[in-house]
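Reviewing the structure listed below.
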Amino acid sequence: MNKTAPSDSILIIDFGSQVTQLIARRVREAGVYCEIIPFQSAEAAFVRMEPKAVILSGGPASTMDVDSPRAPQVVFDAGIPVLGICYGEQIICEQLGGRVEGGHHREFGRAFLEIEKDCALFEDVWAVGTRHQVWMSHGDRVTDLPPGFEVVGTSSGAPFAAIADERRKIYAVQFHPEVVHTPDGAKLLSNFVHRIAGLKGDWTMAAYKEQAIAAIRKQVGDGKVICGLSGGVDSSVAALLIHEAIGDQLTCILVDHGLLRKNEAAEVVAMFREHYNIPLVLVDASDTFINALEGESDPETKRKTIGRLFIDVFEVEAKKIGGAQFLAQGTLYPDVIESVSFTGGPSVTIKSHHNVGGLPARMNMQLVEPLRELFKDEVRVLGRELGLPDSFVGRHPFPGPGLAIRCPGGISREKLEILREADAIYLDEIRLAGLYDTIWQAFAVLLPVQTVGVMGDGRTYEFVCALRAVTSVDGMTADFYHYDMEFLGRAATRIINEVRGINRVVYDVTSKPPGTIEWE
């Protein structure tokens with residue numbers, strides 16, 4: 001349950017759209033707090049949150065299907081503003097007395113909306129008689145409106161592309177305003193939250209920090225908390241926030257599993273022990289982890305093995321500390337959304353690229369997850385609010401399984417050391433070029449491929465190293481960074497010259513849709 005939501009908030013009911021997270025991004029960019037809740041548990045969330053407005057997302061279902069998802073009736077009975085998007089428009093019409101049919105002209109991709117009538121949703125954005133690009137993704141379409149609604153926008157494939165009941169403040173659009181392919185979409189969502197719902201847009205990270213600190217104190221009381229500290233942004237911010245809330249009731253545990261970046265453990269210890277004076281236990285478990293992983297090539301087995309061993313280490317250390325009832329994690333909002341997604345996965349099971357896959361009952365510990373309402377970029381803002389230096393706030397994300405998932409194929413100590421050195425050189429070149437803060441995440445990958453090469457007067461048979469760099473805002477989507485060839489040539493030359501075991505370097509130019517942007 002969310003314990004940090006402000007009183008002025010918006011509930012987003014998720015019907016399974018791939019871009020529902022982007023609705024939340026746009027609402028938060030407008031300075032308003034929101035939560036995404038799957039439709040199955042939307043009524044309970046509505047009662048808990050008492051939102052000032054509701055947004056109904058798109059989704060893959062058809063309203064004509066038996067048992068297709070519906071919005072709780074309380075949403076329409078509460079007298080608060082409602083906005084339906086794509087499938088959300090169709091269920092508004094279906095549930096309030098209109099009609100939706102299939103078999104008509106489908107619209108997927110770019111379309112153009114004709115503005116037929118003024119409405120609050122379009123105010124100061126689109127004028128009557130103008131035509132604007134939008135993004136469509138639907139097969140069914142509305143054919144009859146519920147009582148009280150009127151058409152305010154049309155497209156060639158959707159005669160009811162935008163509708164409104166101004167008296168009840170219920171609006172619906174067939175297109176997706178949350179995606180960048182609808183250029184003015186963010187302004188429409190801003191109109192909904194500010195002009196229509198009347199929310200001020202004053203949700204700030206300073207306010208979130210104070211609410212989170214109060215929530216941590218209430219949850220923990222005089223108990224003890226252990227926090228798995230990796231040195232990444234998420235766990236570092238979580239640790240600082242919890243320490244500010246409960247002081248020395250928190251003990252951080254840094255597990256050196258032999259899969260960290262070069263000098264990672266020493267840098268984290270120096271920061272948290274010496275600068276912040278936070279109790280920190282450094283556990284050298286590298287032999288345990290690498291012995292268990294050696295030769296393993298399946299990425300999911302790697303993750304599960306690492307997660308299991310992390311739990312084992314934390315359990316041992318918790319007993320040493322004595323009386324720790326809570327385990328802190330840097331779980332973020334996209335992880336929560338995906339683990340309570342349209343498929344109904346349990347929220348206590350964190351995605352497999354995190355350290356743990358849920359806590360075993362034998363640990364008898366509660367999770368403390370103070371970042372679970374935040375996106376990645378919001379965590380960075382909170383880190384600055386807490387006084388974390390930019391060198392840590394701006395660090396590229398580093399997964400719990402570490403180098404294990406950047407070493408596809410079988411793992412060995414030799415391969416990990418080769419990868420660690422190549423990765424350090426690559427990041428050094430990025431910093432020297434002044435690109436580190438421009439790139440969201442960059443890392444080297446040691447491919448499970450060896451090639452013949454000629455170096456000097458001899459032939460070599462060594463590994464291929466892949467370099468990856470992506471741009472992103474919140475970690476939900478990513479595009480490859482467009483290096484110039486001079487940089488790539490310089491980085492590749494250093495890696496080949498300075499790292500014994502690599503004789504070829506390639507650059508990965510794939511992009512990623514919402515989800516993990518790691519290699520595996």
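The values are calculated or read from the model by the stated rules, or taken from the named source; none is laboratory data. All figures in this text were calculated on a predicted structure; none of them were measured in a lab. Glycine gets a Cβ as well: all are built from the backbone with ideal geometry, and neighbour counts include every protein chain shown. For the accessible areas, the whole protein counts, side chains as well, though only heavy atoms, and no ligand, DNA or RNA atoms are used. Shrake-Rupley method; radii C 1.70, N 1.55, O 1.52, S 1.80 Å.
Laid out as a table, the results:
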read-out: Check on ALA239, closer than 21 Å to LEU388 by Cα, in contact with a Phe, Trp or Tyr (Cβ under 9 Å, 6 or more places away or on another chain) and crowded, with 24+ Cβ neighbours inside 10 Å; value: yes
read-out: Selected residue (criterion: farthest from ARG141 (Cα to Cα)) from residues of the range 48-91 that are among the β-branched types (Val, Ile, Thr) and in contact with a Cys (Cβ under 9 Å, 6 or more places away or on another chain); value: ILE55
read-out: Every residue from the range 248-278 that is on the phi > 0 side of the Ramachandran plot and open to solvent by 50 Å² or more (accessible area, probe 1.4 Å); value: ASN263, ASN277
read-out: Meets criteria (surrounded by fewer than 19 Cβ atoms within 10 Å (Cβ to Cβ) and at negative phi) for ARG362; value: yes
read-out: Any hit, the range 220-233, residues being under 30 Å from GLY97 (Cβ atoms) and of a type outside the set (D, E, K, R); value: no
read-out: Qualifying positions in the range 70-88 - assigned to a helix (DSSP H, G or I), open to solvent by 10 Å² or more (accessible area, probe 1.4 Å) and more than 12 Å from ARG168 (Cβ to Cβ); value: GLN73, VAL74
read-out: Selection count where residues are within 28 Å of the chain's Cα centre (by Cα) and either open to solvent by 30 Å² or more (accessible area, probe 1.4 Å) or free of Cβ contacts under 8 Å to residues at least 12 places away in the same chain (or both), scope the range 407-423; value: 1
read-out: Selection within the range 284-312 - among the aliphatic types (A, V, I, L, M) and open to solvent by less than 20 Å² (accessible area, probe 1.4 Å); value: ALA285, ILE290, LEU293, ILE306, LEU309, ILE311
read-out: From the options GLN95, GLN133, residue that is at pLDDT 90 or above, within 33 Å of the chain's Cα centre (by Cα) and over 24 Å from HIS194 (Cα atoms); value: GLN95
read-out: Residue in the range 344-362 that is at pLDDT 90 or above and under 28 Å from the mean Cα position of the chain (by Cα) present; value: no
read-out: Residue match in the range 35-47 (condition: in a loop (DSSP other than H, G, I, E, B), crowded, with 19+ Cβ neighbours inside 10 Å and not charged (D, E, K, R)); value: no
read-out: Any chance ARG217 is under 30 Å from GLY102 (Cβ atoms) and not in a strand (DSSP E or B); value: no
read-out: Yes/no for VAL281 being assigned to a strand (DSSP E or B) and either out of contact with any helix residue (DSSP H, G or I) (no Cβ under 8 Å at 6 or more places or on another chain) or open to solvent by less than 10 Å² (accessible area, probe 1.4 Å) (or both); value: no
read-out: VAL179 being in contact (Cβ under 8 Å) with a residue 24 or more places away in the chain and in contact with a His (Cβ under 9 Å, 6 or more places away or on another chain); value: no
read-out: Wholly within the range 355-437, helices (runs of 4 or more DSSP H) carrying at least 1 residues that are farther than 27 Å from GLU210 by Cα and β-branched (Val, Ile, Thr); value: 413-432
read-out: Selection within the range 425-434 - open to solvent by less than 30 Å² (accessible area, probe 1.4 Å) and either under 26 Å from the mean Cα position of the chain (by Cα) or free of Cβ contacts under 8 Å to residues at least 12 places away in the same chain (or both); value: TYR426, LEU427, ILE430
read-out: Residue list for the range 1-29, filter: open to solvent by 20 Å² or more (accessible area, probe 1.4 Å) and either modelled with pLDDT of 90 or more or in a helix (DSSP H, G or I) (or both); value: GLN21, LEU22, ARG26, GLU29
read-out: Residue in the range 464-482 that is open to solvent by 30 Å² or more (accessible area, probe 1.4 Å), aromatic (Phe, Trp, Tyr) and in contact (Cβ under 8 Å) with a residue 24 or more places away in the chain present; value: yes
read-out: The range 187-212, subset open to solvent by 50 Å² or more (accessible area, probe 1.4 Å) and either among the β-branched types (Val, Ile, Thr) or assigned to a helix (DSSP H, G or I) (or both), residue nearest to PRO146 (Cα to Cα); value: ARG195
read-out: Filtered residues of the range 313-333 (kept if open to solvent by less than 30 Å² (accessible area, probe 1.4 Å), part of a helix (DSSP H, G or I) and among the β-branched types (Val, Ile, Thr)); value: VAL313
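Per-residue answers, yes or no, for (1) in contact with a helix residue (DSSP H, G or I) (Cβ under 9 Å, 6 or more places away or on another chain); (2) under 17 Å from HIS176 (Cα atoms):
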{"site": "VAL66", "(1), (2)": "no, no"}
{"site": "GLN73", "(1), (2)": "yes, no"}
{"site": "PHE76", "(1), (2)": "yes, no"}
{"site": "GLY79", "(1), (2)": "no, no"}
{"site": "GLY88", "(1), (2)": "no, yes"}
{"site": "ILE92", "(1), (2)": "yes, yes"}
{"site": "LEU96", "(1), (2)": "yes, no"}
